[in-house]
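The values are calculated or read from the model by the stated rules, or taken from the named source; none is laboratory data. All values derive from a computational prediction rather than experimental measurement. No Cβ is skipped: glycine too gets one built from the backbone with ideal geometry, and neighbour counts run over all protein chains shown. Each accessible area value is taken on the protein alone, full model and side chains, heavy atoms only, with ligands, DNA and RNA left out. Shrake-Rupley method; radii C 1.70, N 1.55, O 1.52, S 1.80 Å.
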Amino acid sequence: MEDRAGPELFKIAKTGLDSFAGALKKASYEVLAPVQDGEATRFGVLSDEEIQIPRLSTRPLKELFFPQDEPLLSFGCGGAEAMSVEASGVVASESISPRVVLGARPCDARSLVLLDNVFVSSEYRDPYYAVRREKTVIITFACLSPGAACFCESTGSGPYDETGSDILFMGLADSYVVKPVSERGKGLLKEVFPLSEDGFSGESCILHPVDGEDIQAAVDATRAEEKLAAFAGVPVEAAVAALQDVDAFDASTWEEIYRKCLGCAVCTYLCPTCHCFDIGDEIVGASGERVRNWDSCMFPLFTLHASGHNPRPSKKERFRQRVMHKFSYFVENNGCVACVGCGRCVEACPVNQDMRQILSVFASRGGGS
Amino acid sequence: MNKMTDGAAGNGARDTIQEGIRKIAAKMLESGEAQVFIGYEEGTLPLRTTPAFITCPEDTVRLVWTPFCENNLTVYLPEYKGRDDVTVGLIVKGCDVRTLVNLILENQISRDRVKIIGVPCEGVIDRAKVAKVLGTDRIIRDSKVAGPSLVLEGDGFEVEIEIEDVLADPCEACRHPVPVIYDVLAGNGYEVSKDENPERAYLEIKQFVELPSDERFSFFARKIEECIQCYACRQACPLCYCPECFVDRQTPKWVSRWRGLSDKILFHLGRVLHVAGRCVDCGACRRACPVGIDLRLLTKHMEKVVSDSFGYESGLDLDGLPLLATYRRDDPDDFIL
Ligand code: SF4
Ligand code: SF4
Ligand code: SF4
Ligand code: SF4
């Protein structure tokens, strides 16, 4: 590249976040950040409120790319001959304006890369999802303190994981170190915070170029080993090996672990990597929409055949499916587990069903037991 | 508010109850009186226990009794319906036993297929309240119960809060802390005080109920808008045992998964009407909601309509009839719009 290489790292005061968001908005980006929705937090449009980054939003980042309900197309079914179909969903998703997620966590950012395997693989391209991905820059905040259910480190991710992020913010005492991770991230910073010959000027002043080596040492100091240990400790690899055993499907262990499950959709709907959906027609009068909705393998309806037969008749088969899909089938298809260790399923389960425990049980017993 | 009357709601009383539960459960399994015992064991997170299904007498040492025993375990009983080979032993609190009474009255389980250990209950804690008191982003690493207080430890802090201040809403105004039926009462001899004022329980919903109807609707709609249709409220409710819920019907399809507000409202109003005269305010539905919607505004109001109109309190009388199975010519009907 002919271009003068810009600085690799920047610094921003913690109090400068709102100005940072303001600068993005001024550059015509829609800023999506964690917002309060009743008692819960989820990603939504940041309007004039102060930005608050919770430890982990209640609802996952996936909703911004794979919303809970999404019209795919619309149709008219008025007269006998007049059946019109319009790709309204594609049109709508194409009109989405460029946007920036400000305040993702590393687990959520990684989840998008896992979802890409499903929605924008070499075989399929889901236009609704793809357009949103293309139009969104992800700014992630590294985690300094694990929640009680976090186990990202065990799934190959971690509190400083850069996978899926375009820019990573790493917290120091009263500032963040800003690290552009992807070309896109670099491009965004260049565009919104232009660097003149004598460094930043005007609004760009909120970003300060910093010396890479010094700052890396400061960042490393926050990554003390004992803290990392708190994010780890779940034998995911051994569990995957056990679950890929041909006998795992019929293991008697399922009999034990499914029992307390209530069969709700808390774990699947809040999971950043669960991606099952159903498609239905919503018709009002002479027109309708074909809508894609989240579905959950924990519901009996998920596999109910028109004949009335259900190949997953009880909570046991349904619960097994959730675990096997994440830690066996997805691995087989895509080479990685479909879990980023965010712990949402662990924390929000009404009966404290704990994925970490289930993985440990399979890791120690093996699949054939 | 319920309090152990033997002084400072001591761990002494709780430990005695826990010991009692373990012994009785072990005896039930040993003697073959019960084939499976459902109780609580240590959870994997602070402030939590988790349901335990125990079949070996030796495993009963895992059973615990703490103010974290929040789940209503009777939710699992309809799964044993018609299983004449299994008698289920289980722990019930004052509210849980009332859903059990209803399950028996509604023929979901027969009385002789359950062995009931009743526990005089001093209330369970509401985790959301603890988080509010502490500040939601302070991460609790360990929680201990010490007499009337809760000791919470986290990164760089140790805080002690009164259990009384973080009791679940239904527990704050509970009028039946001692189970109305049981085979054995654990911790027999301990008494818990109860709230004698029936109106107290309705104070929290008063504000909502007394809003002008348009404001009440917009408040309700705003709350219901937050619902993600995960149906955890339904799944956690022991009385929502229909093998196929009306929202899951496909032919015809009553409720769409499309997150339209009217579909969500239909679910919630349908559900609350289906538990009318049956709901016992155990709080399981509200506790299960991952986005914190206060479903008690609906269930509590329905309970009041039932109590004002029919003088009926659900789940107290094993020899009576369910409210909806009775009819008198002079039944009031002024609650019908
Ligand atoms: S594991 Fe928990 S959250 Fe998931 S379906 Fe079962 S009860 Fe619901
Ligand atoms: S399975 Fe649980 S821990 Fe893993 S990504 Fe999903 S919600 Fe997070
Ligand atoms: S509706 Fe809610 S409070 Fe009432 S019995 Fe069911 S779970 Fe308990
Ligand atoms: S538990 Fe909450 S989010 Fe889930 S269906 Fe019930 S009210 Fe809606």
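So here's what we get for this one:
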read-out: Condition broken by residue A:48, with the remaining ones in (1) of a type in the set (D, E, K, R); (2) buried (at least 20 other Cβ atoms within 10 Å of the Cβ); (3) more than 9 Å from every other protein chain (Cβ to nearest Cβ) satisfied; value: (2)
read-out: Residue tally, condition more than 14 Å from every other protein chain (Cβ to nearest Cβ) and among the small types (Gly, Ala, Ser), over the stretch A:30-45; value: 1
read-out: Residue in the stretch B:132-150 that is more than 14 Å from every other protein chain (Cβ to nearest Cβ), within 20 Å of the chain's Cα centre (by Cα) and of a type in the set (A, V, I, L, M) present; value: no
read-out: Verdict on residue B:313 being part of a helix (DSSP H, G or I) and either of a type outside the set (A, V, I, L, M, F, W, C) or surrounded by fewer than 12 Cβ atoms within 10 Å (Cβ to Cβ) (or both); value: no
read-out: Residue match in the stretch B:215-226 (condition: within 11 Å of ligand 4 (Cβ to nearest atom), outside the structural domain of residue B:70 (by TED's automatic domain parsing) and not in a helix (DSSP H, G or I)); value: yes
read-out: Qualifying residue in the stretch A:167-179 (condition: at pLDDT 90 or above, in a loop (DSSP other than H, G, I, E, B), crowded, with 17+ Cβ neighbours inside 10 Å and out of contact with any helix residue (DSSP H, G or I) (no Cβ under 8 Å at 6 or more places or on another chain)); value: no
read-out: Tally of residues being within 9 Å of another protein chain (Cβ to nearest Cβ) and either surrounded by fewer than 17 Cβ atoms within 10 Å (Cβ to Cβ) or part of a helix (DSSP H, G or I) (or both) across the stretch A:231-266; value: 2
read-out: Only listed residue being at pLDDT below 95, more than 14 Å from ligand 1 (Cβ to nearest atom) and open to solvent by 10 Å² or more (accessible area, probe 1.4 Å), chosen from A:369, A:360; value: A:369
read-out: Condition check for residue A:100: within 22 Å of the chain's Cα centre (by Cα), under 16 Å from residue A:63 (Cα atoms) and open to solvent by 30 Å² or more (accessible area, probe 1.4 Å); value: no
read-out: Residue match in the stretch B:287-297 (condition: within 14 Å of chain A (Cβ to nearest Cβ) and more than 16 Å from ligand 4 (Cβ to nearest atom)); value: no
read-out: So residue B:144, is it in contact with an Asp or Glu (Cβ under 9 Å, 6 or more places away or on another chain) and in a strand (DSSP E or B); value: yes
read-out: Residues within the stretch B:316-328 that are part of a helix (DSSP H, G or I) and either open to solvent by 40 Å² or more (accessible area, probe 1.4 Å) or within 14 Å of another protein chain (Cβ to nearest Cβ) (or both), tallied; value: 2
read-out: Matching residues, the stretch A:329-342, being surrounded by fewer than 23 Cβ atoms within 10 Å (Cβ to Cβ) and not hydrophobic (A, V, I, L, M, F, W, C); value: A:329, A:332, A:333, A:334, A:335
read-out: Test: residue in the stretch A:267-288 that is closer than 30 Å to residue B:75 by Cα, assigned by TED's automatic domain parsing to the domain that holds residue A:358 and within 16 Å of ligand 3 (Cβ to nearest atom); value: no
read-out: Flag for residue A:89 being in contact (Cβ under 8 Å) with a residue 24 or more places away in the chain and buried (at least 17 other Cβ atoms within 10 Å of the Cβ); value: yes
read-out: Members of the stretch B:261-283 that are within 14 Å of another protein chain (Cβ to nearest Cβ) and either within 23 Å of residue B:95 (Cα to Cα) or open to solvent by less than 10 Å² (accessible area, probe 1.4 Å) (or both); value: B:264, B:267, B:271, B:282, B:283
read-out: Positions within the stretch A:11-23 being open to solvent by less than 30 Å² (accessible area, probe 1.4 Å) and closer than 16 Å to residue A:104 by Cα, in sequence order; value: A:17, A:20, A:21
read-out: Residue match in the stretch B:47-56 (condition: in contact with a Leu (Cβ under 7 Å, 6 or more places away or on another chain), within 11 Å of chain A (Cβ to nearest Cβ) and without any contact (Cβ under 8 Å) to a residue 24 or more places away in the chain); value: yes
read-out: Single residue of the stretch B:246-260 satisfying the filter (touching a residue at least 12 places away in the same chain (Cβ under 8 Å) and buried (at least 17 other Cβ atoms within 10 Å of the Cβ)) that is nearest to ligand 3 (Cβ to nearest atom); value: B:247
read-out: The listed residue being within 10 Å of another protein chain (Cβ to nearest Cβ) and of a type in the set (Ser, Thr, Tyr), out of A:307, A:296; value: A:296
read-out: Residues of the stretch B:229-238 that turn out to be in a loop (DSSP other than H, G, I, E, B) and either at the interface with chain A (Cβ under 8 Å from one of its Cβ atoms) or open to solvent by less than 10 Å² (accessible area, probe 1.4 Å) (or both), as a count; value: 4
read-out: Members of the stretch B:136-169 that are of a type outside the set (A, V, I, L, M, F, W, C), open to solvent by 30 Å² or more (accessible area, probe 1.4 Å) and either touching a residue at least 40 places away in the same chain (Cβ under 8 Å) or within 28 Å of residue B:293 (Cβ to Cβ) (or both); value: B:136, B:137, B:138, B:141, B:142, B:148, B:162, B:164, B:165
read-out: Any hit, the stretch A:331-344, residues being at the interface with chain B (Cβ under 10 Å from one of its Cβ atoms), of a type outside the set (Lys, Arg) and under 16 Å from the mean Cα position of the chain (by Cα); value: yes
read-out: Hits in the stretch A:61-72 - residues which are more than 11 Å from chain B (Cβ to nearest Cβ) and either of a type in the set (Phe, Trp, Tyr) or closer than 30 Å to residue B:138 by Cβ (or both); value: A:61, A:62, A:64, A:65, A:66
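Residues are listed down the side, and each one gets a yes or a no for (1) in contact with a His (Cβ under 9 Å, 6 or more places away or on another chain); (2) away from chain A (no Cβ under 14 Å):
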site: B:180; (1), (2): no, yes
site: B:187; (1), (2): no, yes
site: B:193; (1), (2): no, yes
site: B:207; (1), (2): no, yes
site: B:211; (1), (2): no, yes
site: B:224; (1), (2): yes, no
site: B:227; (1), (2): yes, no
site: B:243; (1), (2): no, no
site: B:249; (1), (2): no, no
